[in-house]
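The values are calculated or read from the model by the stated rules, or taken from the named source; none is laboratory data. Bear in mind the structure is a predicted one, so any value in this text is a computation, not a measurement. Here the Cβ is made from the backbone with ideal geometry for all residues, glycine too, and neighbour counts use every protein chain on show.
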Amino acid sequence: MHNILIITSHFPPQQIAGANRPFSLYKYLPTVNVKPVILTKRFSYVLGNTTDIHYSDSFINWRDSGLLSSKRLLRYVYLLNDKVFGIYPDKLWINRAIKDGKKIIKDNKIELIYATFPGTEALKIGMELSAQSGIPLVTEFRDGLVYESILRNTNFLQKFVARSLERNVIRQSSAIITIADAITTYFSKSYPSSKVYTVRNGFDEDDFSEIISVQEPNSSAPKMIYHFGNLNSSRSTDRSNLFEAISILKRNNEISRDTLRFIFIGTFTKAEYALVADYDLLDLVVFKKHMPKREGIVEMMEKASGLLFYGVQNESSIISSKLPEYLRMNKPILGICKGNEAENIIQDTSTGLVCDFDVNSIANMFREFLANKDVFNPDISKINLFNRKSQAQQIGKIISKVILSNGSNTDCIGSV
């Protein structure tokens, strides 16, 4: 059994998408003879460490300190400094995690360090621990750092720091894993000597256990198009074209409440409610409050006629973690994602329709869906490749290959 240290900013009990991939590695890597130890951020609701999950103090944990406490004030100072000069909003975690990581490496005879991005702190911690210990580093990019960067509104100093971090991390890494072919191509061209692999995001089969997908929910009822998750995100996307397209179909009497409805499950802003009202769509659009993922999956698999997927215009590498779960639901996907890598996935798996981001393209996609054209002929063998267990097994093989090619590191394990 190979012992590895996974460094991640996000991990359960955090209920965000960024925690899913690290947790799936923790859950499934042991099936391929790789035993992960997790190093992540401490949150106020985390009780304490376990034998294989370690929480280092972080500014996130300090957030709950008193309004005028020294911890909270120091956190503000660091955050203000980072707004101008840096890309590490949680420097406290970097310092504490490096210290804790040294002990974990020694106590657990760690053979490889696996740092997963976002966030930037995990890359920094992994790079420093690898350099100090001589233990090989594998880095995972689930978003772009420099190429199609997830970092928003950065100044030239921050861009310089990000590029420097990326260059140094790649130099230190024995292998790089991305979730998108576009990011893999970028790394291969920018750093020709690097070993880069694509292992996409996926779904966890356990989320779908004992849930039955209803293919034609009450054919006499209106078709229901579902969207799960917030409309606004860190990658800003204008949704007005979507609602304008629906409005055009309504004004032309091509749709009505009796033929088509849109169900959005998540947390929504007043502006989004107002946008729907402005387009006179309150009879067609239903906002439902946020619900646990499994509860949402149950509702969509029972009631949805189609699943709405929204990408990000002009960013080819975007593949939301929502897409693999949509693939698994065995429902037609309506993807507003032309030019995104998600377009290729939907077409390759034959799981639905794809359109561009303009109003007419969106309206035409809905027309094609309503016409009951044969747009859904899922390739189950290709969909199964998105199972998180099989993906963890792919990553496990990469990890084992790196460990074997680097030889035994037991001589340097006590020297961190």
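May I ask you to list the residues in the stretch 284-326 that are surrounded by fewer than 17 Cβ atoms within 10 Å (Cβ to Cβ), of a type in the set (A, V, I, L, M, F, W, C) and within 22 Å of Ser220 (Cβ to Cβ)? Scanning the stretch 284-326 gives a single hit, Val286.
Within the stretch 332-341, being within 17 Å of Ile225 (Cβ to Cβ) and crowded, with 24+ Cβ neighbours inside 10 Å holds for Ile333, Leu334, Gly335, Ile336, Cys337. Of all residues in the stretch 168-189, those satisfying the criterion of being in contact (Cβ under 8 Å) with a residue 12 or more places away in the chain and within 24 Å of Ala342 (Cα to Cα) are Ile176, Ile177, Thr178, Ile179, Ala180, Asp181, Ala182, Ile183, Thr184, Tyr186, Phe187. The residues of the stretch 81-119 include none that are assigned to a helix (DSSP H, G or I), over 21 Å from Thr51 (Cα atoms) and modelled with pLDDT of 95 or more. In the stretch 363-384, what residues are surrounded by fewer than 16 Cβ atoms within 10 Å (Cβ to Cβ) and either outside any helix (DSSP H, G or I) or of a type in the set (A, V, I, L, M, F, W, C) (or both)? Residues satisfying the conditions are Ala371, Asn372, Lys373, Asp374, Asn377, Asp379, Ile380. Filtering the stretch 352-394 to residues that are of a type in the set (Asp, Glu) and free of Cβ contacts under 8 Å to residues at least 40 places away in the same chain leaves Asp356, Glu368, Asp374, Asp379. Within the span defined as the stretch 226-239, every residue fails to be farther than 22 Å from Phe376 by Cα, at pLDDT 85 or above, assigned by TED's automatic domain parsing to the domain that holds Gly311 and not in a loop (DSSP other than H, G, I, E, B). The set of residues in the stretch 386-416 that are in a helix (DSSP H, G or I), among the polar types (S, T, N, Q), modelled with pLDDT of 85 or more and more than 13 Å from Glu111 (Cβ to Cβ) comprises Ser390, Gln391, Gln393, Gln394. Would you confirm, using the coordinates I've provided, whether Ser174 is small (Gly, Ala, Ser), in contact with a strand residue (DSSP E or B) (Cβ under 8 Å, 6 or more places away or on another chain), part of a strand (DSSP E or B) and more than 19 Å from His10 (Cα to Cα)? Yes: the conditions hold for Ser174.
Only one entry of Glu244, Glu254 meets the criterion of being touching a helix residue (DSSP H, G or I) at 6+ places or on another chain (Cβ under 9 Å), farther than 20 Å from Gly335 by Cβ, in the same structural domain as Gly306 (by TED's automatic domain parsing) and among the charged types (D, E, K, R), and that entry is Glu254. Among residues of the stretch 160-181 being among the small types (Gly, Ala, Ser) and within 13 Å of Met127 (Cα to Cα), the one that is modelled with the lowest pLDDT is Ser164. Tallying residues that are farther than 27 Å from Leu404 by Cα and in contact with an Asp or Glu (Cβ under 8 Å, 6 or more places away or on another chain) within the stretch 156-185 yields 1.
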